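Undergrad: For reference, the structure I am asking about is given below.
Derivation of every value follows stated rules applied to the coordinates shown; laboratory data play no part. All values reported here derive from a predicted model rather than from experimental measurement. Because the Cβ atoms are built from the backbone with ideal geometry, glycine has one as well, and the counts that use them run over all protein chains shown.
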2 protein chains.
Amino acid sequence: MKAIIENQFIEALARAFPRSEKQLNALQQSDAEILKLSENGPWLAFTMDSIAEEIESGLYADPYLAGWMTVMVNASDLAAVGADPLGLLLNETLSASTDDRFLQDLQRGLADAAIAGGLPILGGDTNTANHTELSACAVGILPENRYLSRIGCQANELLYASGRLGAGNAFAFAQLQGLAPNGEFKPQPHFKQAKIIRQFATCCMDTSDGFIATVDQLMRLNRLGFDVWQPPETLLHPMALQIAAQFGVPKSAFLAGIHGEFELIFTIPPEKKTAFLQQADQIRWQPILLGEVSAHQGLRLNMAGRTIRPDTAFIRNLFDSRRGRIEQYIQEIIEYLTNLEKGA
Amino acid sequence: MKAIIENQFIEALARAFPRSEKQLNALQQSDAEILKLSENGPWLAFTMDSIAEEIESGLYADPYLAGWMTVMVNASDLAAVGADPLGLLLNETLSASTDDRFLQDLQRGLADAAIAGGLPILGGDTNTANHTELSACAVGILPENRYLSRIGCQANELLYASGRLGAGNAFAFAQLQGLAPNGEFKPQPHFKQAKIIRQFATCCMDTSDGFIATVDQLMRLNRLGFDVWQPPETLLHPMALQIAAQFGVPKSAFLAGIHGEFELIFTIPPEKKTAFLQQADQIRWQPILLGEVSAHQGLRLNMAGRTIRPDTAFIRNLFDSRRGRIEQYIQEIIEYLTNLEKGA
């Protein structure tokens, strides 16, 4: 865990903090915090996440998207622990120069996402400052008094994603290059899928920081590897495949970039595969089979029939070590993955 | 309620938001959001608040204070509804230029306040941006399945504060004028006091936006007035009295300014006064008797033996209508109150 700059930082920040005896998960072990209120009481899930960099960098220049994402990033963490949604608290720090149109679109994005996710807005706060930042805290309930953690998968289990990957990075690439988007980036809530996943999965985590960061964290926590044998044409979202073709970006870059797609990554024991897929079919959901859990540590990807083994720690740390220089980060990650895909 | 710019704004923001059937309080009716999980389940309290303007304006230039306040502003809202603390989630958006010393002091402030308030840190998130903003969401439990709301007081009940008033505005005045502080501004948690208040009080609200904003909101919600007949020497914190004397600032300015002291304002029926004070005495707490609830709307203050009737709507709206011009706000409010105290 300590090989990753972000993990070190979070552990350092939390070192002096008092912890709760009612909390069931340890630091880093699940996407949301799990609280057992009393011996017979319900188990609750809590998560908190803010949208700041994405607004400041212009990535979420669209206020509707900024509002939508403020709700969805939190909904995604709740779904990843298998919680049903109870509600959301919201803080809106608005710039004094915010105009009515911006505010209307922002509120519409927040309200639409809250309705789509079944997350009523319980309350919150507003502030005025020289910047815009949106924070939310989501609350959920674990009806069967169990939760999905990031830990628990075993070798030979099947690795799934809730949907195709790479739309988040495709959107970010297009947005930062000033290109017209070739599709809409609008992550959806996964509470229906989570109701099924929580019955079968041995671990689960959302791809809020992109696929490679997610599997890197899961591999570290479980001391295992992942063998992704599906080809990119099956894994990747059409937006990612199109940008890869049009701009010669290596396909693995859409798995490696840090702007996630907010899908769920989870593992299913092979003997439960049929029952899992039957239930998925009943809600017309097609989970993407990615590959399997391997006893050998590290990530293997299938790129044009060749197996590549990206250094997932290097990829994760690259953004943190290039802090504030996003262009340089993109250039370096594309260069690294281009060489890796070519076998250089 | 519509006479107040902030109330209008909050109602406009919340208009399109979905609400929860499990939520017991309506908008504006309590300091924290109250959720009844199920028919026999526990009642929970949630609140969320951010520290942004206070950091940006230099008011909380001290990172220890910024951390301490991030916890305390949320602890204060939980106490105001009579909840016992369960825990806190935290988002730290840090500037890329944050140095180690700043971060250490900030974390120490957060941890000390979390320990002082009995609020374990459950989890949270970090972000990097060009600004610093701290957000927290606090969770509490209402053990007897009832809560303190802002509504419920009646004429002739007694008006109390949990402690002396004006330290928040005295600190802000000193800080903005670059004066050496004449005392420490460090609001304390009120969970012990809240355990007593919740047994006796008919309404309660914290002074997060200052005393006058608090009583203005309570008067509007209850359609009543407050007659504060205690003299300022009894009401005001020594820091406020000293600045008033030294700089000729009208004493009522320390009740009117928007930088609150995070005390609780509450009402007690006269027949419960003795039992209430007996319990307070057992924890060595001396509540400040301010005056009483009046059937006549409006606020009456006792200043040097004269009754003044400040226009509380004008005072509350002044900051919002002078947005971003803090110096002008201070000058105008001092001018208004100086004239009022002189009887001009």
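Undergrad: To the nearest Å, what is the center-to-center distance of the stretch A:305-329 and the stretch B:232-262, using C-alpha atoms only?
TA: The stretch A:305-329 and the stretch B:232-262 have Cα centres separated by 55 Å.
Undergrad: Taking only the alpha carbons of the protein assembly as shown, what extent do you get along each of the three principal axes, in Å, biggest first?
TA: In descending order, the Cα extents are 90, 49, 41 Å.
Undergrad: Across chain A, where is the longest run that never hits GluC sites (Glu not before Pro) in a DSSP loop with at most 13 other C-beta atoms within 10 Å?
TA: The longest uninterrupted stretch comes out as A:185-344.
Undergrad: Another question about this same structure. So what's the gap between the Cα centers of the stretch B:283-301 and the stretch B:3-54, to the nearest angstrom?
TA: Cα centroid of the stretch B:283-301 versus Cα centroid of the stretch B:3-54: 26 Å apart.
Undergrad: Still on this structure, please answer the following. From the residues B:Met303, B:Ile283, B:Leu255, which one has its Cα farthest along the dipole of the stretch B:247-344 in the positive direction, the dipole being from +1 and -1 charges on Cβ of Lys/Arg and Asp/Glu about the Cα centre?
TA: It is B:Met303.
Undergrad: What order do you get for B:Thr338, A:Thr307 when you list them from fewest to most C-beta neighbours inside 10 Å?
TA: A:Thr307, B:Thr338
Undergrad: Under 11 Å from the Cβ of B:Arg220, count the other residues' Cβ atoms, weight Lys and Arg +1, Asp and Glu -1, and hand me the total.
TA: Charge balance in the 11 Å sphere: +3.
Undergrad: If we count other beta carbons within 10 Å of each Cβ, what is the order of B:Ser149, A:Ser57, fewest first?
TA: A:Ser57, B:Ser149
Undergrad: Right, here's the next one. Amide H neighbours of A:Asn127 under 5 Å, at least 5 residues apart or on other chains, H built in the peptide plane: list them.
TA: It is A:Glu92, A:Thr93, A:Leu94, by chain and number.
Undergrad: Next up: Pairs of alpha-carbon atoms within less than 8 angstrom and 6+ residues apart define the contacts here; what relative contact order does chain B have, in percent?
TA: Once divided by the residue count of chain B, the mean separation gives 20 percent.
Undergrad: Can I ask one more? Report, by chain and number, residues whose modeled amide H sits under 5 Å from the one on A:Phe226, excluding near sequence neighbours (fewer than 5 apart, same chain).
TA: Here the answer is A:Ser294, A:Gly298, A:Leu299, A:Arg300, since their amide H atoms fall under 5 Å of that of A:Phe226.
Undergrad: Once a ≥ b ≥ c are taken as the square roots of the eigenvalues of the Cα gyration tensor of the stretch A:158-342, is the result rounded (a/c under 1.5), prolate (a/b larger than b/c) or oblate (a/b not larger than b/c)?
TA: The shape class here is prolate.
Undergrad: Also, quick follow-up: Please list, in chain and number order, the residues 5+ apart from A:Trp43 or on another chain whose amide H is under 5 Å from its amide H, with Hs placed from the backbone.
TA: A:Leu142, A:Asn145
Undergrad: When the dipole is taken about the Cα centre of the protein assembly as shown, and only Lys, Arg (+1) and Asp, Glu (-1) are charged at their Cβ, what size is it in debye, to the nearest 20?
TA: Charge dipole of the protein assembly as shown: 1080 debye, to the nearest 20.
Undergrad: For every other residue with a beta carbon closer than 14 angstrom to the beta carbon of B:Glu335, add +1 if it is Lys or Arg and -1 if Asp or Glu, then tell me the sum.
TA: Combined, the nearby Lys, Arg, Asp and Glu give -2.
Undergrad: On the first, second and third principal axes, largest extent first, how far apart are the outermost C-alpha atoms of chain B in Å?
TA: 52, 52, 45
Undergrad: Say we join alpha carbon atoms closer than 10 Å with springs in a Gaussian network model of chain B; which of B:Ala75, B:Ala32, B:Ala180 then has the biggest fluctuation?
TA: Maximum among the listed residues: B:Ala180.
Undergrad: Just tell me which aspartates and glutamates come within less than 16 Å, Cα to Cα, of B:Lys2; anything on the same chain fewer than 8 places away is out.
TA: B:Glu11, B:Asp216, B:Asp311, B:Asp320
Undergrad: Can you tell me which of A:185-191, A:173-179 comes out highest on packing, and rank the rest after it, using the mean Cβ neighbours within 10 Å?
TA: Going by the mean number of other Cβ atoms within 10 Å, highest first, we get A:185-191, A:173-179.
Undergrad: A further question on this structure: Could you rank the peptides A:273-280, B:125-132, B:195-202 by their average count of other C-beta atoms within 10 Å per residue, with the highest value first?
TA: B:195-202, B:125-132, A:273-280
Undergrad: Using DSSP, restrict attention to beta bridges with both residues in the protein assembly as shown and report what percent are antiparallel, rounded to the nearest 5.
TA: Beta bridges within the protein assembly as shown, antiparallel portion: roughly 75 percent.
Undergrad: Using θ = phi - 60° and the Karplus curve 6.51 cos²θ - 1.76 cosθ + 1.60, what whole-Hz ³J(HN,Hα) does each residue of the stretch A:113-119 get, with Gly and Pro shown as x?
TA: Once rounded to whole Hz, the list reads 5, 5, 5, 4, x, x, 10.
Undergrad: Just how far, in whole angstrom, is the stretch B:154-223 from the stretch A:65-140 if you go by their alpha carbon centroids?
TA: Between the Cα centre of the stretch A:65-140 and that of the stretch B:154-223, the gap is 29 Å.
Undergrad: Using the Karplus equation 6.51 cos²θ - 1.76 cosθ + 1.60 (θ = phi - 60°), what ³J(HN,Hα) coupling, rounded to whole Hz, does each residue of the stretch B:308-318 give in order, writing x for Gly and Pro?
TA: Values, residue by residue: 10, 10, x, 7, 5, 5, 4, 4, 5, 6, 4 Hz.
Undergrad: A follow-up question, please. Of B:Lys22/B:Lys195; B:Lys195/B:Lys273; B:Lys192/B:Lys251; A:Lys22/B:Lys36; A:Lys36/B:Lys22; B:Lys36/B:Lys186, which pairs sit farther than 22 Å apart, going by alpha carbon to alpha carbon?
TA: From the list (B:Lys22/B:Lys195; B:Lys195/B:Lys273; B:Lys192/B:Lys251; A:Lys22/B:Lys36; A:Lys36/B:Lys22; B:Lys36/B:Lys186), the Cα-Cα distance tops 22 Å for B:Lys22/B:Lys195; B:Lys192/B:Lys251; B:Lys36/B:Lys186.
Undergrad: Another question, then. First check a/c for the stretch A:119-189, with a ≥ b ≥ c the square roots of the eigenvalues of its C-alpha gyration tensor; if it is under 1.5, answer rounded, and if not, answer prolate when a/b is larger than b/c or oblate otherwise.
TA: oblate
Undergrad: Tell me, what HN-Hα J-couplings in whole Hz come from the Karplus equation 6.51 cos²θ - 1.76 cosθ + 1.60 at θ = phi - 60° for each residue of the stretch B:286-294, using x for Gly and Pro?
TA: Each residue's phi maps through the Karplus curve to give 10, x, 9, 6, 9, x, 8, 7, 10 Hz.
Undergrad: Work through the residues other than A:Ile308 whose Cβ is under 10 Å from its Cβ and net out their charges, Lys, Arg +1 and Asp, Glu -1.
TA: The answer is +3.
Undergrad: Can you order the peptides A:161-169, A:100-108, A:313-321 by their average number of other Cβ atoms within 10 Å per residue, highest first?
TA: A:161-169, A:313-321, A:100-108
Undergrad: Now for a separate question. What is the average number of partner chain Cβ atoms found within 10 Å of a Cβ in A:282-295?
TA: The shielding value for this peptide is 0.
Undergrad: Find the relative contact order for the stretch A:31-142 and round it to a whole percent, using C-alpha pairs within less than 8 Å whose residues are 6+ positions apart.
TA: Once normalised by length, the contact order is 41 percent.
Undergrad: Give me a single rounded figure for B:24-35: the average over its residues of other chain Cβ atoms within 10 Å of their Cβ.
TA: Taking the mean over all residues of the peptide, I get 2.
Undergrad: Given the convex hull over the Cα atoms of the stretch A:31-142, what projected area results after averaging over all orientations, in nm²?
TA: 6.9 nm²
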